[in-house]
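Everything on this sheet refers to the single structure shown next.
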Amino acid sequence: MNFLDSDDDPPLQINVTPMVDVIFAILAFFVVATAFLTRSRGLPVNLPSAATGQAQTQSMPVVTVDAAGNLAVDRQPIPIEQLPTLVQAKLGPRNPDQPMRTVAIEADRAVSHGRVVEVMDRLRQIPNLQLAIATRSGNP
């Protein structure tokens, strides 16, 4: 009876190809997931720049005013007459621990100042509401 001699076995090798495939798949997942995390909730508008802007960490409804003056709340187009009602519904019931609630306004750089003031005036009908104007970071 012949037995294989253990000295003739080829040396064991670790195949790293599957590990590299898994690492690239995980990397691709994080790249795609990051793109979704940084996506704006408003419509695409050309925001003005501000050197002193601050990032907002809390979640808030976004009112978008495009260059033509059309309105949208969280990407849902609406007429200006329905703006206070829809924003108040999106804010939900008032939390006693949070006296002031915030709504962000993303106004296109080309929209008239009067239209933005009209939107702000309508939003001020909602009690205990503060407004935040969205800008791009950088020098104006």
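Is it true that some residue in the range 36-51 is at pLDDT below 90, in a helix (DSSP H, G or I) and exposed (fewer than 10 other Cβ atoms within 10 Å of the Cβ)? Looking through the range 36-51, at least one residue is at pLDDT below 90, in a helix (DSSP H, G or I) and exposed (fewer than 10 other Cβ atoms within 10 Å of the Cβ).
Would you call P18 modelled with pLDDT of 90 or more, more than 30 Å from V117 (Cα to Cα) and not acidic (D, E)? Outline the logic, then answer.
Working: modelled with pLDDT of 90 or more: yes; more than 30 Å from V117 (Cα to Cα): yes; not acidic (D, E): yes.
It is true that P18 is modelled with pLDDT of 90 or more, more than 30 Å from V117 (Cα to Cα) and not acidic (D, E).
Listed by first and then second residue, the pairs linking a residue in the range 120-136 that is in the same structural domain as L71 (by TED's automatic domain parsing) and on the phi > 0 side of the Ramachandran plot to a residue that is in a strand (DSSP E or B) and surrounded by 12 or more Cβ atoms within 10 Å (Cβ to Cβ), with Cβ atoms under 8 Å apart and 6 or more places separating them unless they lie on different chains, are N128/R101. Where residues in the range 84-108 are outside any strand (DSSP E or B) and within 18 Å of the chain's Cα centre (by Cα), which of them is farthest from L71 (Cα to Cα)? Selected residue: L91. L129 fulfils the conditions (1) modelled with pLDDT under 90; (2) touching a Pro at 6+ places or on another chain (Cβ under 7 Å) except for a single criterion, (2).
The values are calculated or read from the model by the stated rules, or taken from the named source; none is laboratory data. The structure presented is a predicted model; accordingly, all values stated were derived computationally and were not measured. We place every Cβ from the backbone using ideal geometry, glycine too, and count neighbours over all the protein chains shown.
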